[in-house]
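Engineer: Handing you this structure, nothing more for now.
The values are calculated or read from the model by the stated rules, or taken from the named source; none is laboratory data. Note that the structure is predicted; figures quoted are calculated from it, not measured. So basically every Cβ, Gly included, is an ideal-geometry build from the backbone, and we count neighbours across all protein chains shown. Just the protein is used for accessible areas: all its heavy atoms, side chains included, with ligands, DNA and RNA removed. Shrake-Rupley method; radii C 1.70, N 1.55, O 1.52, S 1.80 Å.
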Amino acid sequence: MQFVNNLLLNMELDPKLVKPLASIIKILLIGIICIAANFISKKIVIRVITKIVTNSRVKWGKIILDRHVFRKLSHIVPAIIIYSFASTFPTYDTTIEKLAITYIIIVGLAVIQSLINALNDIYQTFEISKVKPIKGYLQVVNIIIMTVGSILVISNLIGESPLILLSGIGALSAVLMLVFKDSLLGLVAGIQLTANDMVRVGDWIEMPKYGADGDVIDISLNTVKVQNFDKTITMLPSYALISDSFINWRGMQSSGGRRIKRSLYIDTSSITFCTEEMIEKFIKVDYLSDYIVQKEREITEYNEKNQINRDNPVNGRALTNIGVFRAYISNYLKNHDGINQNMTLMVRQLAPSENGLPIEIYAFTNSVQWAVYETVQSDIFDHLFAVAPEFGLRVFQNPSGADVRNLLEESSNKHSSNKRSY
């Protein structure tokens, strides 16, 4: 840049004006060079790189472009130019060089951060990312790089060796552990979650303590993001999945069947022995004909063998309407298209209570999809509620307002009829 000074001196200007005017012209020239270099790098070089990457068959090239890695890298060019021309201003050359290096370090950190994010995006394109997420580990690497970068920036500005600053970190270790407590706990939790395969992206987990009940959509260093079924988002601390219990429904989803475990409550006063008319009626039912024939044969053989007097129904063995109903439900489920026949299928009685006798259905549907599961379950119980009276059984239900009103009306009508009879 000495030619600027010579040019001004040749123009026979006042020597007192040459120095400040030369400085202004040098600053303008350096600025123009920086703007031109920035324009060339962004408008020409980056466009050429974008075109090459777009036409390339490499899939991860577009991911790097989306993270603006090359665009951020182009910011280093003006800083390098300014650093190169720092000697033009001898009085301030040291300060200019420090500022330029600081800017280069900051830009370099931004580029590295974008590369780390791009690496995570590339990794997520593989199926293994759902089983072994690395986002938490990359965040730890990012923290380390940012910490080292901050040390380099400070050491450059104060003009001291980075080793001096590093030696002082030991005294600040307690403070750093307090500041990064959640990150350290999250790192340990992330390693345990991954090593033990406790949770993956896409798993349905349930954690009532935190109000989480939905699909895992992201696992990071400090948090696990869960999208609940009402489309709200719950953020769980990573270490909470280690310290507290939670339900992971992955086993159900991978098994191919979802459990139905629901009871039908029968009014115990409607339970009775089967009469001949009832048996004749049941034997015509498709799901019961074989069962009735077989059971009648077994009962007859047992009673005859033990010479039991059947004039009293209490003696010996006999069919009951509740037993036939259980057999009907079992055969009905075995022939239902929505029930998985390769998994546990059971119809059982539970302990009677004030609500009647529970007849529990324990089975698994063919589909794990929520809507399909609810449809199959509803269809089954729709049918059972409708068919129970055919067996002489009443489904238990606490008296409603309509029941009380009908009872009062019957009582009133009976009372009026008695009055008229007098």
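Engineer: What's the carbon and sulfur percent of the chain's accessible surface, probe 1.4 angstrom, rounded to a whole number?
Structural biologist: That share works out to 59 percent.
Engineer: May I pose another question? What is the distance in Å between the Cα centres of the range 24-87 and the range 194-254?
Structural biologist: Centre-to-centre (Cα) distance: 42 Å.
Engineer: Please identify the chymotrypsin sites (Phe, Trp or Tyr not before Pro) of the range 116-148 that satisfy two criteria: DSSP loop assignment and at most 14 other Cβ atoms within 10 Å. Which are they?
Structural biologist: Answer by residue number: F126.
Engineer: Accessible area per residue for the chain in Å², computed with a 1.4 Å probe and the full protein assembly in place, what is it?
Structural biologist: For the chain, the per-residue accessible area is 62 Å².
Engineer: Could I ask something else about it? Work through the residues other than S129 whose Cβ is under 12 Å from its Cβ and net out their charges, Lys, Arg +1 and Asp, Glu -1.
Structural biologist: Residues close to S129 contribute a combined charge of +1.
Engineer: Let me ask something additional. In cubic angstrom, how much convex hull volume per residue do the alpha carbon atoms of the chain span?
Structural biologist: Measuring per residue, one finds 323 Å³ for the Cα hull of the chain.
Engineer: Another question about this same structure. Which whole-number percent is the relative contact order of the chain (Cα, under 8 Å, 6+ apart)?
Structural biologist: For the chain, the relative contact order is 10 percent.
Engineer: Write out the GluC sites (Glu not before Pro) in the range 66-168 meeting two conditions: DSSP loop, and at most 14 other Cβ atoms within 10 Å of their Cβ.
Structural biologist: E127, E160
Engineer: Evaluate E = 1/(1 + (r/R0)^6) for Q397 and V293, where r is the Cβ-Cβ distance and R0 equals 41 Å; express this FRET efficiency to the nearest 0.05.
Structural biologist: 0.75
Engineer: Another question, then. Given the pairs K261/K334; K62/K132; K130/K225; K62/K130; K261/K295, which span a C-alpha to C-alpha distance of over 25 angstrom in this model?
Structural biologist: K261/K295, as the Cα separations exceed 25 Å there.
Engineer: Then there's this: Between R297, R394, R258, which gets the highest mean-square fluctuation from a Gaussian network model of the chain, Cα cutoff 10 Å?
Structural biologist: R297
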